[in-house]
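Just so it is clear, none of the values below were taken in a lab; they were calculated from the coordinates. On a predicted model such as this, the values are computed, not experimentally measured, just so you know.
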Amino acid sequence: MENSVKVVTGKVRFCFCHVFEPSAMEGQPEESAKYSVCVIIPKSDTQTIEKIKKAIEAAKTVGKSKLADKNGKIPSTIKMPLRDGDEERSDDDAFADSYFLNATSNRKPTIVDRNLDQIMDKDEFYSGVYGRISLNFFAFNTSGNKGIAAGLQNLQKLEDGEMLAGGSTADEDFGGDNAWDDDLM
């Protein structure tokens, strides 16, 4: 039976990857640490976007008791996970022509490669890598803060991409023109 609040995406890009160790948001206590990843979805992937929108609507229905006001209506002001990169991150080219969402979990996600072999090396899954993700959408109501959130389930790396967030690989830093030459010293 298909889970209406669960989505497996098409090819997306990942950034702000905290998938090997949980991380707490700045100013938050360490016990609030979670595994998290930002998922960048190209607007051209209408199939994935439509699946996400349907799962969000299903999560609203399933979680209506958490979201509804005293009249039984779900306010239009609840927080929604799917956001427009062109509007909210116009200063970052990685988000151009894309939607994005943040997915979190208390449970460490399983990360696999194209062949479904588990990835254990932290250098293999980084901000900028392309892959797929399974998500579970759910309603939340925390201290009057209401909305739909995306739960991080599992990740699949499909291919490498340019590193995001200003980082570089060791190969970039120390290879090529930067390679060490003992004869020069």
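Based on the Kirkwood radius over alpha-carbon pairs, what value in µm²/s does the Stokes-Einstein equation return for the translational diffusion coefficient of the range 70-131 at 10 °C and 1.306 mPa s? Please list the in-between numbers first.
Details: Rh = 15.2 Å.
Value of D from the Cα-based Kirkwood radius: 105 µm²/s.
Once both axes come from the Cα atoms, what is the angle between helix 46-62 and the longest principal axis of the chain, in degrees from 0 to 90, rounded to 10?
Once rounded, the angle reads 40 degrees.
Beyond 24 Å, what percent of the Cα pairs of the chain remain? Mind showing how you got there, number by number?
Values: 7705 of 17020 pairs.
When all Cα pairs of the chain are counted, 45 percent exceed 24 Å.
Skipping prolines and chain starts, which residues have an amide H placed within reach, meaning under 5 Å, of the one on GLY10, given they are 5 or more residues away or on another chain?
The list, which skips near neighbours in sequence, is THR48.
Amide H neighbours of LEU158 under 5 Å, counting only residues 5+ apart in sequence or on other chains, H built in-plane at 1.01 Å?
TYR130, GLY131, ARG132
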